[in-house]
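Notes for the one structure printed next.
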Amino acid sequence: AIYHIGLTYYRQRQYDSALKEFNQVVSLYPQSGYLMRARYQSTLCYRRKEQPDLAQKYLKDFIENYQSSGDELVEEAMYDLGWVQENDKQYDAALVSYRRLTNTYPQSKLLPKTYWRIGWIQFKQGRYDDSIETFTALMKFFPTDSYALAAHFWKAKSYERQRQWEAAEKTYRELAETNQWYYSFRAREQ
C-alpha cells in the first residue's frame, strides 16, 4: 500500500511526498518484494525534480546493487542514467551508460531507443562516421522500428555534413521509396 501511495504521488508530480513513501518502503520493509521497485522509483523522483547529481548517484547505486537480478528495471535504470547524463550535457558519460546497456542486455526492448540516443549524441558532437555506423546498426538490427526510419534520415544528414553528396542522395532516395512515416516525406524534400 505504501509503495502504491508513493506511485500516486509520483503521478501527481508531488515528488517529495513520493520520495517519503518510497523511503518508508525501503526502511520499514527491506524484505518486501517492493524494495527494488521503491528504490527505482526514487531515482525517477530525483530525475523529475531536476536534481541530476542525485539522480545519477542513486541510479548508479541501483544498477550496482541489482544488476545481477536480471530484472528489467536494471535495463531501465541504465537507460535513465544515460538520459540524465545526456540532459546534463555529459555526453561522453551518457555514451558509456548507453553502451553499457547495449552490451549487457543485447535483447533489451530499449535497444532501438538506446541506439538512437547514441547516434544522436555522436551526430551532435560532429562524429559523423560514428553516427553513420550507429544508425546503420540500428537500421540493421531493428528494421521495422520507428527509430530505424529516423536513423535512416539522420544517416543521410551525416553524409551531408561530411559532404558525401552521392551517399546522402542514395540514402535519402532509399528512405523516400519506403513511403512511410514523416521521414520519408522529409527525405523526398531533400
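The values are calculated or read from the model by the stated rules, or taken from the named source; none is laboratory data. Just so it is clear, the structure is predicted and the values come from calculations on it, not from any experiment. Ideal geometry is used to build each Cβ from the backbone, glycine not excepted, and the neighbour counts take in all protein chains shown. Accessible surface areas use protein heavy atoms only, side chains included; no ligands, DNA or RNA. Shrake-Rupley method; radii C 1.70, N 1.55, O 1.52, S 1.80 Å.
Sorting His4, His152 by accessible area (1.4 Å probe), largest first, what list results? Working shown, then result.
On the way: His4 95, His152 25 Å².
I get His4, His152, largest accessible area first.
Comparing Phe141, Phe153, Phe123, which has the greatest mean-square fluctuation in the GNM of the chain with Cα pairs linked when under 10 Å apart?
Phe141
Explain nothing, just the number: dipole magnitude of the chain about its Cα centre with +1 on each Lys and Arg Cβ and -1 on each Asp and Glu Cβ, in debye rounded to the nearest 20.
With Lys and Arg at +1 and Asp and Glu at -1, about 300 debye.
Divide by every residue of the chain the summed helix terms, -39500 (n - 2.57) for each DSSP H run of at least 4, and state the resulting mean residue ellipticity at 222 nm, rounded to the nearest 500 deg cm²/dmol. The partial results should precede the final answer.
Numbers: 11 runs with 150 residues, N = 190.
-25500 deg cm²/dmol, from helical runs alone.
Hey, any idea what Rg/Rh is for region 1-90, computing Rh the Kirkwood way over Cα pairs? Provide the component values of the computation, followed by the final result.
Numbers: Rg = 12.5 Å, Rh = 13.0 Å.
When Rh is taken as the Kirkwood radius, the ratio is 0.96.
Using a 1.4 angstrom probe on heavy atoms only, work out the carbon and sulfur share of the accessible area of the chain in %.
Values: 4900 of 10590 Å².
Carbon and sulfur: 46 percent of the exposed surface of the chain.
Given 0.36 nm per residue, what is the gain on full extension from Lys109 to Glu166 after removing their alpha carbon distance, in nm? Provide the component values of the computation, followed by the final result.
Working: separation 57, 0.36 × 57 = 20.52 nm, distance 3.41 nm.
Contour length minus the Cα-Cα distance gives 17.1 nm.
Springs between alpha-carbon atoms under 10 Å, Gaussian network over the chain: tell me which of Thr171, Thr114, Thr43 tops the mean-square fluctuations.
Answer for the Gaussian network model of the chain: Thr171.
To the nearest 20 Debye, how big is the dipole of region 85-124 about its Cα centre, given +1 on the beta carbon of each Lys and Arg and -1 on that of each Asp and Glu?
Numbers: 7 positive and 3 negative charges, 27 e Å.
Roughly 140 debye, rounded to the nearest 20.
Rounding to the nearest 10 and keeping the result within 0 to 90°, find how far the Cα-based axis of helix 111-124 lies from the longest principal axis of the chain.
Orientation of helix 111-124: about 60 degrees from the principal axis.
Rounded to the nearest whole Å³, what is the per residue volume of the convex hull around the Cα atoms of the chain?
Taking the convex hull of the Cα positions in the chain, it is 127 Å³ per residue.
Leaving out ligands and nucleic acids, and using a 1.4 Å probe, what accessible area per residue does the chain come to in Å²?
Working: 10590 Å² over 190 residues.
Heavy-atom accessible area per residue stands at 56 Å².
When the chain is fully extended, how far beyond the present Cα-Cα distance does Val96 get from Ala1, taking 0.36 nm per residue of separation?
Working: separation 95, 0.36 × 95 = 34.20 nm, distance 3.68 nm.
Working it through step by step, the gained length comes to 30.5 nm.
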